[in-house]
1. Ignore the peptide's own chain and count Cβ atoms of other chains within 10 Å of each Cβ in A:7-20; give me the average, rounded.
2. If one computes the Cα centroid of region B:28-97 and of region B:217-273, what distance in Å separates the two points?
3. Averaging sequence separations of C-alpha pairs under 8 Å and six or more residues apart, then dividing by the length of region A:12-223, give the relative contact order as a whole percent.
4. Let me have the 222 nm mean residue ellipticity of chain B computed from DSSP H runs of 4+ only, each contributing -39500 (n - 2.57), with the sum over all residues rounded to the nearest 500.
5. Give the residue from A:A137, A:Q66, A:Q163 lying farthest towards the positive end of the charge dipole for region A:12-223; charges sit on Cβ (+1 for Lys and Arg, -1 for Asp and Glu) and the dipole is referred to the Cα centre.
6. Is there a quick way to get the dipole size of region B:67-188? I mean about its Cα centre, with the Cβ of Lys and Arg at +1 and of Asp and Glu at -1; what is the value in debye to the nearest 20?
7. Please report B:E67, A:E186, B:E350, A:E175 as a ranked list, fewest other C-beta atoms within 10 angstrom at the top and most at the bottom.
8. Report, in degrees rounded to the nearest 10, the 0 to 90 angle that the Cα long axis of helix A:81-107 makes with the longest principal axis of chain A.
Amino acid sequence: MRSTVSDLFGKSPFKPLQQHMTAVIECSNELTNFIDAATSGDWVKAEASYNTIRDLEHGADDLKRQFRLDLPSSLFLPVPRTDLLELVTLQDKIANGARDIAGTMLGRQMEVPEPIKEDFVNFVASSLHVAHQAHRAINELDELLESGFKGKEITIITEILDQLDSKEGLADDAERIIRGKLLAIEEDIPAIKAMFLYKIIDKIGDLSNRAQRVGSRMQLFMAR
Amino acid sequence: MDILSQYSMILLVLACVFGFFMAWGVGANDVANAMGTSVGSKAITIKQAIVIAMIFEFLGAYLAGGEVTSTIRKGIIDPMILADTPHYLVYGMLSALLAAGTWLAIASSRGWPVSTTHSIVGAIVGFAAFGIGVDTVSWSKVGNIVMSWVVSPVLAGTISFMLFVSVQKLILQKDNPYERAKKYIPYYMFAVGFLISMVTCLKGLKHVFKDIGIKLSIGDAMFYSAIVGVIVAVFGAYLLSRIKRDEVKERNDRFYNVERVFAILMVFTACAMAFAHGSNDVANAVGPLAAVVNVVSTGVVGAKSSMPPWILLLGGAGIVAGLATFGFKVMATIGKKITELTPSRGFAAELGAASTVVVASYFGLPISTTHTLVGAVLGVGLARGIGALNLNVIGGIFLSWLVTLPAGAIMAIVFFSLFKLVFGA
């Protein structure tokens, strides 16, 4: 019992995009627990946490794959299809980054030196704040569609994206601080361990960069 | 002449049965599509949609359907050419009804986006051109009709586009959309009331007024329609004032309450859509039936034929029957499948389509309501109002254009020959 009118309406990509972002943030949030366990030396708990991250990342991947499948070229969309596909890819990179960080630290049972532990934990937290702010922006997508990509909603989103930029700045500051602290003690720890610590700091900084890139992509929707 | 008096009873019965069959098809299939945006946006329930359809389809047919019925009855073919063989007109119209009804049944069972209007027009042209003679058909009129099939979705899309852009600029894109919605929507309600009233005054009530001896000028019609519009707007504003703003839901979705306001507006546009659909599509069943009844009862092809009210009642009853037995299921499908249409969009599409259809009815042009609505929805989509639209459907519609006219024509010719065989040439 089909009807022409109901056949005409396709599956809107905006809610699935938001659902994917939620899954991504759930995954990256688990990083807090992981870092907790890792910095306390509880590698059993850390491994369990890593498994959770891995499973959540798989879930996000499934959503991403379904999202791409549900976006055939026969669909007429209010924004370019490429913009949407790029956005889901950028979102996904955040979850990948979280898994990468946890995986690397778990693989080497990476110990964070006592002098920089506190700054390290703060650095991770500030990076995750950027991801949360990106999530807030993505959650405005359905309101953006509702209002027709113009008007008051643009003001609201612009404010969110401004906050995103400033949070990313804070994460950058935290990165600089911890690099400085690590520099001060790098002679006192084995060279390879030091290198891997720098690498992890890189990856954590990268996480906030990826979150910020999601926000920049959203600005493109509004610019058109 | 002999044939007519000999078989008058059975021909009349057949005409009523086929006419009812065709009307049933319109009710089962077409009405659900016409009300699709109202049901899909959840502005009204299926039960409400059926009640609205039953009342306003009938009103539309009775008050505004005269011109289109006239076209189908005696506009496409020139009845005077058949003056010597009036029974051919009877056979032809019967065949057309049977052919169109059958084609509709086949297409519906397969989910093809076929138009009731295209089917009946194709069938009539078919039996006339190929069953009798090419001269039987008023080709200029047919040309106008075909042109209207192309123009109507485009016009509806344009109107819907402009309506939705106005909604965006006046309400959705501003700071306080809820207050603005309550302020501006009564104007849209006025527009709905004014439109329907104008069409009714100018064309529909002509026969009612003629009997009383009143004549309405365009100025008079505009005056009375404006009054109707104001009454509708005031009533609508009253309904709006009874909405309680749900602050909790608004935290998650800024536009939750705005859409509830638009949902009230959609009740009015749903009535307008049912009215418009009735004014244009009941004629598909009732027009040929009226032609047959006229010829059989008078024995000749009259230049001026009348429209007995019982025919309209039969058409209305057929539509109601189709709705009650099958149409509500199609509506339920629509309600389930369309999940992301909001009333602000549904309103723009529906009013754009309804205005186009009702104007076409004014000019006596039979158009496809479903295809017009598709054009309207696309108009809203072009204004970036809808998350995703399936362009495959448009391809399907073009295909249906190509197939329906020949299919209807061929079946009509076959049935026509059968009638000649059974009842005598």
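What follows is calculated from the coordinates using simple rules that are stated; it is not laboratory data. Note that the structure is a prediction, hence the values are computed from the model and not measured. Cβ placement follows ideal geometry from the backbone for every residue including glycine, while neighbour counts extend to all protein chains displayed.
1. Details: counts 10, 25, 17, 10, 5, 7, 2, 3, 3, 0, 0, 0, 0, 0.
Averaged over the peptide's residues, the number is 6.
2. 28
3. 29
4. Numbers: 18 runs with 319 residues, N = 425.
Only helices count here, giving -25500 deg cm²/dmol.
5. Result: A:Q66.
6. 620
7. Details: B:E67 23, A:E186 17, B:E350 34, A:E175 20.
Fewest to most other Cβ atoms nearby, the residues stand as A:E186, A:E175, B:E67, B:E350.
8. With both axes taken from Cα atoms, the answer is about 20 degrees.
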